[in-house]
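So the structure is just underneath, and the comments pick up after that.
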Amino acid sequence: MNDPAQTAGNGRTYDPDAEHAFPDERVNEVLEYVDDDEEIRTYLKAQNVNPVARKQYNDHGEKHIEIVRNRALCLYDLLKRGGVEFNGAAQQGLDEADEAVIVALAAVLHDIGHVVHRDEHAYYSIPLAADVLDRILPEFGFYDVAERVRVKGEVLHAILCHHTEETPLTLEAGVIRVCDGLDMERGRSRIPYEKGGRGINTVSSQAIERVSLQEGESTPVHVEIEMTDAAGVYQVDTLLKSKLRDSGLEEYVRIVALNTSEQDELVARIEL
C-alpha cells in the first residue's frame, strides 16, 4: 500500500484514485455528483458574502470548503489506517462505506448557514443542508429510504457540531469539527487583511504558513503546523485547541506547531 503521506498529498489533498484504508467507491461517486451540482456550487459562493464582504471575516466559501473536505477525508483515512473504529454510521446500522460519505457531505455543507447570517450559522445550516440532502441522496442507487434518513441524520449531526457550542457524539462529527479548525493558513485571511483588517483572527491566520497531516508514531495522526510569527499561537492554542477538545479524537491526534522565524523566538513550539 502506498505511503499515506504521499497518496494524501501530505495530508492536504484527497485523491479519489489513491489506495485508501476504507471502501471509497460510494464517497467518490458522491463527490463527483456534488462537484457538478449547481445548487451546491451556488451555496458555496453565496455563503461567503456575509462573513467576508459584510463582516470582514476570514474566508468561508469555496476555498474553505475545499480545504476542509480534503483534510477531513485525509484525516479520516489516517485514522482508519491507525485502526480507529468509527461509531456514527455503525450505530445506525449503516455500512463502513457510509462513514466517508457522512464525512464528505458534512464537510461540503457545514457552512451554508452563512447565507442567513455569520452569527449562529451552524444552526441555520441544518434546515438548508436538510433540503439539499433530501434532494441529492435519492440520486444514489445504493441507499433505500431508511438508509437515506440515517445518513441524513448523521450528516446533520456533524454539521451542527462543527462549532464548539455542541459536543460531537460521533467520530465522524469529530473529524469535521477538527478539520474546520485546521483551515488556518494565511490564504484564508487574504481578503480581510488586504482590506485593512487587523483583528486577531486575521493577524494570527497570516502567521500560519503550512498545515500537514501525517501518520504519527505515538498516535494515528500527527498534525504539524508551521508558524512564521508568534501571533499564530492564537490559531493553535485558542481556536484549534477548542475544536480538538471534546471532539472524541483527542487520544488519536497529536498537534505540534513550530515557529520557524529566526527573528521571533517568543514562542518556539506548541504541542496539543
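Packing around the peptides 152-158, 122-128, 232-238, taken as the average count of other Cβ atoms within 10 Å per residue, puts them in this order, highest first: 152-158, 232-238, 122-128. Straight-line reach from Lys241: taking Cα to Cα under 21 Å and skipping same-chain neighbours fewer than 8 places apart, no lysines fall in range. For Thr13 and Glu217, the FRET efficiency from 1/(1 + (r/R0)^6), where r spans their Cβ atoms and R0 equals 25 Å, is about 0.60. The string of couplings for the stretch 236-250 from the Karplus curve (6.51, -1.76, 1.60, θ = phi - 60°) is 7, 7, 9, 6, 5, 4, 5, 6, 5, 4, 6, 7, x, 9, 3 Hz, one whole number per residue in order, with x for Gly and Pro. If a spin label sat at a point 7 angstrom from the Cα of Asp35 along the line to its beta carbon, the backbone N atoms of the stretch 66-110 nearer than 17 Å would be those of 66-74, 101, 104-109. Relative protection proxy for 99-106, 61-68, from highest mean packing down: 99-106, 61-68 (other beta-carbon atoms within 10 angstrom).
Note on the stretch 76-169: the alpha carbon radius of gyration divided by the globular reference 2.2 N^0.38 Å gives 1.09.
Legend: calculated FRET efficiency, Glu62 to Val145, from the Cβ-Cβ distance at R0 = 30 Å, rounded to 0.05, equals 0.40.
Extension gain, Arg54-Ala90: 0.36 nm per intervening residue step, less the Cα-Cα distance, totals 8.8 nm. Cross-link partners of Lys55 among lysines, defined as those whose alpha carbon lies under 22 angstrom from its own and excluding same-chain residues fewer than eight positions apart: Lys45, Lys63, Lys195.
Only the coordinates and a few stated rules stand behind these numbers; no lab work does. This one's a predicted model, so the numbers in the text were calculated from it and none came from an experiment. Note: ideal-geometry Cβ built from the backbone for every residue, glycine included; neighbour counts use all protein chains shown.
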